[in-house]
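The values are calculated or read from the model by the stated rules, or taken from the named source; none is laboratory data. As the structure is a prediction and not an experimental result, all values here were calculated from the model. Here the Cβ positions follow ideal geometry from the backbone for every residue, glycine too, while neighbour counts run over all protein chains shown.
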Amino acid sequence: MKFTNYKTEGHYDEYFRADGEPRPSIEPFVHRINEFSRAEISRRKTAAESALLKEGITFSVYGKQQPEIDRIFPFDIIPRIINASDWDYIERGLEQRIYALNEFIDDIYNDRKIIKDKFIPEEIITSAKSYRPQCADFHPPHRIWCHITGTDIVRNSDGQFYVLEDNLRCPSGVSYVLENREILKRTFPVIFETMKVRFVVDYPNKLYETLCNLVPENVESPNIAVLTPGIYNSAYFEHSFLAREMGMQLVEGRDLVVVDGFVYMKMIYGLERVDVIYRRIDDDFIDPLSFRQDSALGIPGITEVYRRGRVALANSLGTGIADDKAIYAYVPDMIKYYMGEEAILPNVPTFLCSDNKQRLHVIENIKKLVVKSVNESGGYGMLIGPHSSKEQQDDFIEKIKANPRNYIAQPTLDLSCVPTIIDDHYEPRHVDLRPYVLYGEDIWVMPGGLTRVALPKDSLVVNSSQGGGSKDTWVLQTGDSDTTDTVNMRQSQRAREGFNA
Amino acid sequence: MLSRVAESIFWMARYIERAENTARFIDVNARLILDMPMNSALQWEPMIRVTGDTNLFRSQYDNANQENVINFLVFDRNYPNSIISCANKARENARTVREIISTEMWQCINEFYLFLMNPSAKKDAFANLNIFFSSIKNYSQLMSGITESTMVHNEGWHLSRMGRLLERADKTSRILDVKYFIILPEVDYIGTAIDTLQWTALLRSASALDMYRKQYNQLSPENITRFLFFDPYFPRSVKYCLRRCDISMHDITGTPMSSYSTLAERQLGMLQAEIEYADISEIMQSGLHEYIDNFQMKLNKVGDAISSSFFTMQNPEMSIERKRIR
């Protein structure tokens, strides 16, 4: 199935330049795929999908109909490919960003130097819904708060990468990265070998080491567990997958109990102490004594045990403060403040609706902008101006006026595209990228990530709940960038100067 | 092992075995259809009565013909013991212990479920009942083989064996009871060719015919009961199932055999003693059906005791840090 009639449709295409020629690092892949017949591609596509079904990498739609049907997450076998020099840039940018974010969290729950030195206004912190006073005057082990981060990165029409949002709570999706890779290795074994792709398979080992780093001193044979909300959670597959890959207990809240200042698991012989918990339950639900009282998922009293250092949590409580999209706008300032450096990866220019001047600008230009609620994720609570009706825009303007702190706005980006199989040919579809970063003894960026793809034509929403699928992400061992670092630096400079004033 | 996980493994195995045995029940009848010399009005009603869920069936179906009975026992998602419900629950349980069981075990259960969920499954079933029910048996036996050879034989494995064998003991006794429900309306058949046909079908559905023949030449109710209930070596016999269940239970608790530290061990031990010291002629005299009824009641008690001894921690403060090193 050839790319002959493929059109980039005026977007930045990860495979092809505007003149239709394949980018140099992608050229060998394009060449080989062109050799496959249409029937052969179709056969491999079907085989990949049935493997996903057979392995049960599916989600169920519960409650809507009987019988409920299992569906696989849409998966496209044409990978997103990133050359070595682009990756090197992303990697450096993420290391820097995660370091600064962690410093920031530790600072605002303790000394608040960044507020005292007037880099960030105090009210933006204290007004954040995800700010947790329960974490004040507390340092987690090694002062690391965000052990696992999934940062959403997009490439705009200018070829520049931007950070779209930080996910420091319970980022999900890494299991799909690993499973997609297994499937694609089977789908294109020969091509995979010739392309020299960096491997992602040791993520579970690295995660295990990251968690081991949190074991309290004097514990000889530690118990580490993965905490899940349970089988009906949409990410349950991942929780179970990671527990299995790391050989850990997968526990639910009801399996744990706080007794005499420690957390125990209810085993068939009695209680067994647990030392580290990789928790996949949000702060709100983890402890009905400290957070939401109506939570049936949590473990009453765990927050106090945590503050006394008798159990470690990954990620720490309170990291959600850095996910707040108004605070996101200050990340380049954090990098400058804590590290004395310019941000390597730029933010998307962001207007804070809590600022009078910026709010007026947003309201005037709402049909050109993307408006986002500061605490939502998953593509919820947002307005894409150019794709919205006048009524929707008016509705959002009302919401902004009613609660300005809750909204930010950004220019609509033209996300880059990757060829995707649509019926019997390829069409460009918009993608984003979520690399995963672990913060243990060092900061480690997994060479790869989850590429999400918006499957409906021209759609910019990649979330799986809204018609998004995924692709394998190949980070090559070699290859030069088409978009050089100079461009990157210049762009990021412009982004900073233009909007954060 | 977590109590919740223990419970899921136990029930996962139990539901798979239940699905297999329901297939075996229906198979008795399906085989009789093939074997019956004349076109006698074949009874499907007993299939419902033997399950003990007659009322539920009656509330949803007007008569007990082949189609309705099979729809109810195999494909009815509102009937909690239908094969499809069992497969679904086995799979939900497997999903909650996905990190404990092997990938192969999970794939097997998942494929079993997908097989039943296939839109053409119903059509295939009615097109050839024997082949369809063989497939169900095969999935279950594949599952037990995979469990045997891919899972570490630790507590989890012992729990799955307990679940499987308890269910099997219950269902073997019920298969024996099918005969009671079939023959009762037509006492004239006793000792005739049809009687022989029925016993043969019954033994075959318990995969017991060949093994039975090696020990006993003639088909007699007494010998068949002896074989299905009390044979120490036939792996579907009640005695065999209870003995192995007892071994697994003691392996988990560490209590020496023939003694007990939990309610579950005590209940199972008492029931086992009854089976070990039973007298076949006494049973036949006082009525096999009544004996089976009584047995099933006690077996239910064992199930309840397992739940309270292993799955529900009544008082967690009592037993801090009894970590067991093996």
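So for region A:309-317 (the condition being buried (at least 24 other Cβ atoms within 10 Å of the Cβ) and in contact with a Cys (Cβ under 7 Å, 6 or more places away or on another chain)), does at least one residue qualify? Taking every residue of region A:309-317 in turn, at least one turns out to be buried (at least 24 other Cβ atoms within 10 Å of the Cβ) and in contact with a Cys (Cβ under 7 Å, 6 or more places away or on another chain).
Okay, residues lined up against (1) in a helix (DSSP H, G or I); (2) surrounded by fewer than 19 Cβ atoms within 10 Å (Cβ to Cβ); (3) of a type in the set (S, T, N, Q); (4) at the interface with another protein chain (Cβ under 9 Å from one of its Cβ atoms):
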residue: B:K89; (1), (2), (3), (4): yes, no, no, no
residue: B:W106; (1), (2), (3), (4): yes, no, no, yes
residue: B:F112; (1), (2), (3), (4): yes, no, no, no
residue: B:A125; (1), (2), (3), (4): yes, no, no, no
residue: B:N130; (1), (2), (3), (4): yes, yes, yes, no
residue: B:F133; (1), (2), (3), (4): yes, no, no, no
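Total residues in region B:66-82 satisfying the condition of being under 21 Å from B:M12 (Cα atoms), more than 14 Å from chain A (Cβ to nearest Cβ) and hydrophobic (A, V, I, L, M, F, W, C): the figure is 1. Among the residues of region A:102-128, the ones that are more than 26 Å from the chain's Cα centre (by Cα) and closer than 16 Å to A:W145 by Cα come to 3 in all. Condition test on A:R307, is it closer than 25 Å to A:L250 by Cα and within 14 Å of chain B (Cβ to nearest Cβ)? For A:R307, the condition - closer than 25 Å to A:L250 by Cα and within 14 Å of chain B (Cβ to nearest Cβ) - is not met.
Filtering A:L242, A:L256, A:L250 for residues that are under 19 Å from the mean Cα position of the chain (by Cα), modelled with pLDDT of 90 or more and within 14 Å of chain B (Cβ to nearest Cβ) leaves a single hit, A:L242.
Pairs linking a residue in region A:235-255 that is outside the structural domain of A:D294 (by TED's automatic domain parsing) to a residue that is not basic (K, R), with Cβ atoms under 6 Å and 6 or more positions apart or on different chains, do not occur.
Within region A:224-237, being in a loop (DSSP other than H, G, I, E, B) and either surrounded by 19 or more Cβ atoms within 10 Å (Cβ to Cβ) or in contact with a Ser or Thr (Cβ under 7 Å, 6 or more places away or on another chain) (or both) holds for A:P229, A:I231, A:A235.
Within the bounds of region A:383-402, is there any residue that is hydrophobic (A, V, I, L, M, F, W, C), closer than 28 Å to A:P171 by Cβ, assigned to a loop (DSSP other than H, G, I, E, B) and at pLDDT below 95? Give the steps one after another, and end with the answer.
Filtering region A:383-402 for residues hydrophobic (A, V, I, L, M, F, W, C) gives A:383-384, A:396-397, A:400, A:402.
Narrowing the set further to residues that are closer than 28 Å to A:P171 by Cβ leaves A:383-384, A:396, A:400.
Subsequent filtering for residues that are assigned to a loop (DSSP other than H, G, I, E, B) retains none.
No: region A:383-402 contains no residue that is hydrophobic (A, V, I, L, M, F, W, C), closer than 28 Å to A:P171 by Cβ, assigned to a loop (DSSP other than H, G, I, E, B) and at pLDDT below 95.
The rows are residues; the columns are (1) surrounded by fewer than 23 Cβ atoms within 10 Å (Cβ to Cβ); (2) touching a helix residue (DSSP H, G or I) at 6+ places or on another chain (Cβ under 8 Å); (3) not hydroxyl-bearing (S, T, Y).
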position	(1), (2), (3)
A:F73	yes, yes, yes
A:I77	yes, yes, yes
A:A84	yes, no, yes
A:E91	yes, no, yes
A:E95	yes, no, yes
A:L101	no, yes, yes
A:I114	yes, yes, yes
A:K118	yes, no, yes
A:E123	yes, no, yes
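Give region A:264-286 a look and list any residue that's within 22 Å of A:A243 (Cα to Cα) and more than 12 Å from every other protein chain (Cβ to nearest Cβ), or say none.
As a first pass, look at region A:264-286 and keep what is within 22 Å of A:A243 (Cα to Cα): A:264-283, A:285-286.
Matches in region A:264-286: A:D275, A:V276, A:I277, A:Y278, A:R279, A:R280, A:I281, A:D282, A:D283, A:F285, A:I286.
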